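Here's the structure we're looking at; comments come further down.
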Amino acid sequence: MYHVAICDDEVVFIDKISELLQKYAKKKKLNFQLHTFSDPSALQDEIIDGSVYDIYLLDVEMPGLDGFSLAKQIKTSHPLVPILFLTSHIEMSREGYKVDALRYVSKLSLNEELIEALDAAQAEAEKAEKNFLTVTYYHDIVRIPYDEILYVQRVMRYLEIHTSRQGIVNTGRGIKEIFKKIGDERFVFISRSCFVNLDHVQQLSQAFIEMDTDESLPISRKMLPGVKSTILQVWGEEP
């Protein structure tokens, strides 16, 4: 399922875009859940509260808070998420740049331009989905970008996923299962009950990993040679 946020102060365009999105989803056999906002500050509040959508369609010009300002806030915490800008100015649509699946879509040519933009956004969202870890704990469902994972450790019967933005996220899944799901060379076990993201490691000091959060994590004696070798390879040095 793709969660799609539509923000436009003109309700008539929200309705039109929603209809086109549903037709597109049906044709492509996708599941879109639409979240519509006629007040940009309402979407801003959702962003501040931590809500994340897979695709954003933002009107460029809105009273009080424009689409560019919203996009800046979104990209600060989720740089890979695709954003489509909607505009009534045809010259912006015609000359709109295309970078990282970002598009300008003219409201005057929605039927023609929105399909191509959605193709690009959906492909980008699918690619981004592979870089997220989704975990469920009781009634909570949390989506964590791999880049924000600091380390994962087993505590009693549960796992603690330490993150840079969301604090500690708990899950009942097994540590090997989570490690396999991530499947990224930047992550390495430093003990049977803990693996770390080397992007957040400052240095290896004797038998400890020093994180960029000033935390110090012990490395098991058995795993120390392998950890050293992996760090050198990932950091671009010969072992």
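At-a-glance table
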item: Gain in span if fully extended, ILE48 to ASP9, counting 0.36 nm per residue against the direct Cα distance; result: 12.1 nm
item: Exceeding the 31 Å Cα-Cα cut-off - candidates LYS75/LYS222; LYS29/LYS176; LYS26/LYS127; LYS75/LYS181; LYS180/LYS228; LYS26/LYS180; result: LYS75/LYS222; LYS29/LYS176; LYS26/LYS180
item: Per residue, in Å², the accessible surface of the chain once ligands and nucleic acids are set aside, probe 1.4 Å; result: 55
item: Charge dipole (debye, nearest 20) of region 10-54; +1 at Cβ of Lys and Arg, -1 at Cβ of Asp and Glu; result: 620
item: Under-5 Å amide H pairs with TYR53, H placed in peptide plane, nonlocal only; result: none
item: In degrees, nearest ten, helix 110-129 long axis to first principal axis of the chain (Cα); result: 10
item: Phi-based couplings in Hz for region 2-12 (Karplus 6.51, -1.76, 1.60; Gly and Pro marked x); result: 10, 8, 10, 9, 10, 10, 8, 6, 9, 4, 4
item: Helical contribution to [θ] at 222 nm, DSSP H n ≥ 4, -39,500 (n - 2.57), averaged over the chain, rounded to 500; result: -10500 deg cm²/dmol
item: Square roots of 5 times each gyration tensor eigenvalue, C-alpha, region 105-201, largest first, Å; result: 35, 15, 11
item: Apportionment of accessible area to carbon and sulfur, region 1-86, percent (1.4 Å); result: 51
item: Interatomic Cα distance distribution for the chain, bins of 5 angstrom, percent; result: 1, 6, 12, 15, 15, 12, 10, 9, 8, 6, 4, 2, 0, 0
item: For SER191, distant residues with modelled amide H under 5 Å away; result: SER220
item: Charge dipole (debye, nearest 20) of the chain; +1 at Cβ of Lys and Arg, -1 at Cβ of Asp and Glu; result: 1460
item: Dipole of the chain [Lys/Arg +1, Asp/Glu -1 at C-beta], most positive-end residue of PHE13, ILE48, THR134; result: THR134
item: Fraction of accessible area attributable to carbon and sulfur, region 100-239 (%, probe 1.4 Å); result: 49
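The values are calculated or read from the model by the stated rules, or taken from the named source; none is laboratory data. Worth saying up front: this structure is predicted, and the values here are computed from it rather than measured. Neighbour counts run over all protein chains shown; Cβ positions are idealised from the backbone, glycine included. In case anyone asks, the SASA skips ligands and DNA or RNA and just uses the protein heavy atoms, side chains included. Shrake-Rupley method; radii C 1.70, N 1.55, O 1.52, S 1.80 Å.
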